[in-house]
Every structure is written in structure tokens, then in C-alpha cells.
Amino acid sequence: MKTLNIVTAPDPGLLTVCEECDLNDRSLKKLANRMAATMYKNNGCGIAAPQVGILKRLVVIDCNDPEEEPDPIFLVNPEIVALEGDPVEEGEGCLSVPGISVPVTRQPFARVRYFDLDGNECLIESDGLLGRCLQHEIDHLNGITLFEACSPINKVKALHEYQDAIARGARPGEVS
Ligand SMILES: [Zn+2]
């Protein structure tokens, strides 16, 4: 499977609100599979289409143990329908912000409505890593990177760390 190049910050595409996918678009499956291959190659647990330069609302997630068989979830036009629980701060990495981890505060539980690649409406809900990953990837579709998702103080710190990471040549998939 051909992999795609990952777009890294600062790229204006990462700050753009993406368009809804056309559920009848027959190229979506190919794009989704290429995104999955790109995610696995770079040791990511999630990837959104704007991270490969496509400004559409398409996400691939696989939060399972990397030692296990790949089991990607493809989410077309995903939408958060509920967030629950007391906000928790945790470090997040991002393929588009290589070399650093940024503390982001999120509610732990997310319920998300989406369409699968066959156009069926689905619902997924989770807390833990998957709950956080769903929110992180859907942020990408709304033009929100780690720098916009974190607090202003953490943003200043993260931008400095990112400059250093870029200067030493950090690549997608590197977190620290
Ligand atoms: Zn990301």
C-alpha cells in the first residue's frame, strides 16, 4: 500500500475547517486505506485527512496494542454527540507535530456518530485512550492542532519545544 506524506505544523491546511465527505465518493476507500498505511508506518494511533493534505472530514483510528493485528476504524464525517466526565490533563503527541508531547485537558468520555466506508451510520463511544484519540482527530477536522487544543501557557511552552524539535530534525512518529 502506497503511503502518503504527512503534513506538519505550521501548515495552513492544518488550521482549516475541512469539508464533509460525499458518502458516494468512491475514492474515499482508497484514501482511507492509504491513510491507515501512513498511520501504521509512522507508529500513530490516529490520523485525519488534513494531516495528509486532504481537507475532508475523514479519520482513521487504531488504539489497539501495536503488537496486535491492525484493526483500523474508519470514520467518515464524524461528529461528537456527547462528552462526559471530569476534565483530565494528559500529554498528547501528533504525527503533524513531531518530537513533542503537549498536555491537553479533555473530558475522558466521548460519544461519536459517523459513517463507515459503506455509508452506514455508526456510533462509537469510549473513554481512555480511544476517547481522547477521537477528540484529537476530530479537532483536526476543525482546524485545531495540539497548539490550539492546549492552554495558552502550555502553547507558549509547546511552541518553544517544537522549534527545538524541528531544529534537531524530529520526524513524524517521534514524541520526545
Ligand atoms: Zn494529531
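Residues of the range 37-63 that are among the charged types (D, E, K, R) and either modelled with pLDDT under 95 or open to solvent by 30 Å² or more (accessible area, probe 1.4 Å) (or both): K41, K56.
Pairs are defined by a Cβ separation below 7 Å, a sequence spacing of at least 6 or placement on different chains, a first member in the range 49-67 that is closer than 21 Å to G131 by Cα and away from the ligand (no atom under 13 Å from the Cβ), and a second member that is open to solvent by 60 Å² or more (accessible area, probe 1.4 Å) and in a strand (DSSP E or B); the pairs so defined are R57/E19. Which members of the range 84-98 meet the condition of being closer than 21 Å to P152 by Cβ and touching a residue at least 24 places away in the same chain (Cβ under 8 Å)? Hits for the range 84-98 are E90, E92, G93, C94, S96, V97. Reported count of residues in the range 4-21, each being out of contact with any Leu (no Cβ under 7 Å at 6 or more places or on another chain) and either under 26 Å from I166 (Cα atoms) or open to solvent by less than 10 Å² (accessible area, probe 1.4 Å) (or both), is 10.
In the range 22-36, the qualifying residues are those that are open to solvent by 20 Å² or more (accessible area, probe 1.4 Å), free of Cβ contacts under 8 Å to residues at least 40 places away in the same chain and not in a loop (DSSP other than H, G, I, E, B), and the one that is farthest from L134 (Cα to Cα) is K30. Taken over the range 81-95, residues that are of a type in the set (A, V, I, L, M) and within 16 Å of the ligand (Cβ to nearest atom) amount to 1. Out of curiosity, is P12 within 16 Å of S96 (Cβ to Cβ), within 13 Å of the ligand (Cβ to nearest atom) and at pLDDT 95 or above? It is false that P12 is within 16 Å of S96 (Cβ to Cβ), within 13 Å of the ligand (Cβ to nearest atom) and at pLDDT 95 or above.
Just so you know, in the range 150-172 the residues that are open to solvent by less than 30 Å² (accessible area, probe 1.4 Å) and among the small types (G, A, S) include one that is nearest to G44 (Cα to Cα), and it is A170.
Residue-wise test of (1) out of contact with any helix residue (DSSP H, G or I) (no Cβ under 7 Å at 6 or more places or on another chain); (2) surrounded by fewer than 20 Cβ atoms within 10 Å (Cβ to Cβ); (3) outside any helix (DSSP H, G or I).
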position: D65; (1), (2), (3): yes, yes, yes
position: G91; (1), (2), (3): yes, yes, yes
position: L95; (1), (2), (3): no, no, yes
position: R111; (1), (2), (3): yes, yes, yes
position: G119; (1), (2), (3): yes, yes, yes
position: C122; (1), (2), (3): yes, yes, yes
position: H140; (1), (2), (3): no, no, no
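The values are calculated or read from the model by the stated rules, or taken from the named source; none is laboratory data. Predicted, not measured: the structure shown is a model, and the values here were computed from it. No Cβ is skipped: glycine too gets one built from the backbone with ideal geometry, and neighbour counts run over all protein chains shown. When the accessible area is computed, the model is the full protein with side chains, heavy atoms only, and any ligands, DNA or RNA have been set aside. Shrake-Rupley method; radii C 1.70, N 1.55, O 1.52, S 1.80 Å.
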